[in-house]
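Colleague: Provided herewith is a single structure, encoded as structure tokens, for subsequent inquiry.
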Amino acid sequence: MDLCKNCGYPVEDMYCSHCGQKVMVERITFSYLWSESFHFFTHIEHGFLYTSLKMLSSPGKTVTAFIDGKRKNYQSPVSYFLIWTTIFIVFLYWIESTFGENTIIDYKDYWGPSGATKLAISHLSLVLTIIIPFQALYLFILVTKKKYNYFETLIAAIFLVGTVILLQFAFAVGALIFNILTGIPVDLRISDILKLGYFIWFFADFVKFFPVRARFLRFGLFIILAGATFTIWRIYGVPELVRLFLEK
């Protein structure tokens with residue numbers, strides 16, 4: 001009887017009944033690395049692109065389907081958020097290293113003065129992660145509390161902010177094209193229009209799946225609370241965080 005190379009459990013089949021690993025494991029060669037890399041990227045491409053398109057076209061249906069258990073075809077929310085954040089940061093780094101700072105996108109101290117903006121963008125995943133629990137709290141109180149718990153609602157907020165980063169990436173691509181054609185940098189604050197527009201679309205599509213009253217009032221409160229939280233964090237929170245921890 002063979003023993004599993006992973007956990008040492010006796011096995012009588014092609015897979016270990018204890019940990020699920022294959023009994024016959026192949027040697028690590030170039031072929032192995034290539035096939036694993038190919039599988040990784042094609043798997044991400046299917047779920048990641050599908051989730052991205054669905055979050056743009058029908059965010060309410062997508063998020064509720066994932067929370068309710070239909071998860072096979074979707075990218076997980078945390079990896080969805082991190083992948084788009086990474087793509088956006090790498091693209092911004094390439095723009096700045098190729099064309100120079102504030103040449104394509106004029107940041108105008110968007111995240112605060114004294115280098116706070118540069119540091120915020122280079123640590124964007126952390127900067128945005130801090131506000132996600134607040135957005136989830138607003139959704140929970142105003143919309144989901146009769147159907148979902150707070151942590152299920154947090155999934156919706158992660159998907160929401162991840163898609164906002166997708167739109168930020170699209171904005172950066174558009175800014176690059178505009179600059180190539182005109183030589184004029186694009187003010188980063190213009191991207192706030194995309195953020196606001198998507199927040200409106202997300203809430204309008206999401207709330208349809210919940211039996212709540214006074215939807216327009218709840219919609220207005222969510223936009224005010226979410227927008228105010230992001231603005232306060234951007235103007236006051238991030239610069240103070242930089243001052244306290246990164247400028248010593």
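The values are calculated or read from the model by the stated rules, or taken from the named source; none is laboratory data. Small disclaimer: the values here were computed from a predicted structure and weren't measured. Please note: Cβ atoms are built from the backbone with ideal geometry, for glycine as well, and neighbour counts cover all protein chains shown.
Colleague: For the stretch 93-113, which residues satisfy the criterion of being of a type outside the set (Phe, Trp, Tyr), at pLDDT below 90 and either buried (at least 20 other Cβ atoms within 10 Å of the Cβ) or touching a helix residue (DSSP H, G or I) at 6+ places or on another chain (Cβ under 6 Å) (or both)?
Modeller: If the condition is that a residue be of a type outside the set (Phe, Trp, Tyr), at pLDDT below 90 and either buried (at least 20 other Cβ atoms within 10 Å of the Cβ) or touching a helix residue (DSSP H, G or I) at 6+ places or on another chain (Cβ under 6 Å) (or both), then ASP109, GLY112 are the ones that fit.
Colleague: Still on this structure: Of all residues being touching a Leu at 6+ places or on another chain (Cβ under 9 Å) and within 14 Å of GLY162 (Cβ to Cβ) in the stretch 128-139, which is surrounded by the fewest Cβ atoms within 10 Å (Cβ to Cβ)? Just the residue, please.
Modeller: Checked the stretch 128-139; the qualifying residue surrounded by the fewest Cβ atoms within 10 Å (Cβ to Cβ) is ILE132.
Colleague: Quick one: count up the residues across the stretch 212-236 that are outside any helix (DSSP H, G or I) and either touching a Pro at 6+ places or on another chain (Cβ under 7 Å) or within 19 Å of PRO59 (Cβ to Cβ) (or both).
Modeller: Within the stretch 212-236, the subset outside any helix (DSSP H, G or I) is 212-214.
From what is left, the residues that are either touching a Pro at 6+ places or on another chain (Cβ under 7 Å) or within 19 Å of PRO59 (Cβ to Cβ) (or both) are 212.
Matching residues across the stretch 212-236 total 1.
Colleague: If I ask for residues that are within 19 Å of PHE81 (Cβ to Cβ), in contact (Cβ under 8 Å) with a residue 60 or more places away in the chain and surrounded by fewer than 18 Cβ atoms within 10 Å (Cβ to Cβ), which ones from the stretch 140-154 would you list?
Modeller: Answer for the stretch 140-154, where residues must be within 19 Å of PHE81 (Cβ to Cβ), in contact (Cβ under 8 Å) with a residue 60 or more places away in the chain and surrounded by fewer than 18 Cβ atoms within 10 Å (Cβ to Cβ): just GLU152.
Colleague: Identify all residues within the stretch 61-79 that are buried (at least 19 other Cβ atoms within 10 Å of the Cβ), within 21 Å of PHE140 (Cα to Cα) and under 16 Å from the mean Cα position of the chain (by Cα); write none if there are none.
Modeller: Passing the criteria: THR62, VAL63, PHE66, PRO77.
Colleague: Additional query: Restricting attention to the stretch 98-153, report how many residues are in contact with a Phe, Trp or Tyr (Cβ under 6 Å, 6 or more places away or on another chain) and among the polar types (S, T, N, Q).
Modeller: 2
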